[in-house]
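To start, the structure under review is shown below, and the notes come after it.
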Amino acid sequence: MTQAGSARLRIATWNIHAGVGIDGRFMPARILRVIAELDADVLALQEVAAGHPDSDVPAWLRDAGQGELHFMAACRTRHGAFGNALLSRIAVASATCVPLIGTGGEPRNAIDAHLEHEGRSLRLIATHLGLARRERRAQLAQLAAMAAGPAGEARVLLGDFNLWRTPRLDGLAMARERPPRTYPSLLPVAALDRILVNPARACLAVHTHRSRSARIASDHLPLIAEVALE
């Protein structure tokens with residue numbers, strides 16, 4: 001039940017594996033089908049490939065009209081730009097790309113967005129962290145500093161954290177309930193994907209989306225949170 005005087009949002013994150021499913025097939029239509037199933041007000045996407053005529057996922061997303069799209073490339077591959085995206089059905093007041101601290105591996109970034117919904121504001125930071133432990137530690141510290149804000153301000157930090165354990169974010173009182181397992185999609189054993197909400201009471205529920213399409217469309221399952229903006 002939504003709290004009195006609050007507006008409820010459905011927020012999700014999903015690593016789409018560049019649109020390639022566990023069957024090895026690139027099928028943007030399947031990605032779009034799962035996105036429709038999620039019915040999210042705001043969706044963070046990782047491993048989004050853009051620019052190549054045969055694999056331009058942002059172009060498919062724009063044509064589908066699923067919401068306002070913000071794509072932020074973290075690097076370029078032989079197939080084109082590669083990075084994170086934010087798909088929103090509610091107003092995005094601003095969205096900026098923030099490069100994350102790296103240690104020589106694949107470049108990473110975060111989308112720092114401010115959203116407005118029914119007269120309430122939400123700070124949302126969507127990201128995909130690195131593979132090396134030292135790199136992730138530095139990136140989490142950077143994200144914690146970014147997400148710091150006034151007490152009671154609604155903030156969400158979400159994405160593929162590449163973590164098996166819940167992160168410790170100094171100075172940031174995020175919800176730390178045991179996260180659902182999202183990877184690999186057919187038989188999840190690791191909670192690599194996270195949605196962290198501050199204040200913790202604003203997070204009403206967190207769960208994975210396990211439809212047949214979702215289990216095949218990517219090697220990660222989508223993760224969904226119900227959030228109440230006070």
Conditions (1) part of a helix (DSSP H, G or I); (2) charged (D, E, K, R); (3) surrounded by fewer than 17 Cβ atoms within 10 Å (Cβ to Cβ); number of the one not met by GLU116: (1)
When the residues of the range 119-135 are narrowed to those that are within 14 Å of the chain's Cα centre (by Cα) and not small (Gly, Ala, Ser), which ends up surrounded by the most Cβ atoms within 10 Å (Cβ to Cβ)? THR127
Sort through HIS70, HIS52, HIS79 and tell me the only one that's of a type outside the set (A, V, I, L, M, F, W, C) and modelled with pLDDT of 95 or more. HIS70
Are any residues in the range 39-64 under 22 Å from ASP112 (Cα atoms), in a loop (DSSP other than H, G, I, E, B) and not acidic (Asp, Glu), and if so, which ones? ALA40
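Listed residues ALA36, ALA95, ALA85; which is crowded, with 20+ Cβ neighbours inside 10 Å and of a type outside the set (Phe, Trp, Tyr)?
Details: ALA36 fails: crowded, with 20+ Cβ neighbours inside 10 Å; ALA95 fails: crowded, with 20+ Cβ neighbours inside 10 Å.
Only one candidate passes the filter, namely ALA85.
The values are calculated or read from the model by the stated rules, or taken from the named source; none is laboratory data. In this text, all values refer to a predicted model and were calculated from it rather than measured experimentally. Note: ideal-geometry Cβ built from the backbone for every residue, glycine included; neighbour counts use all protein chains shown.
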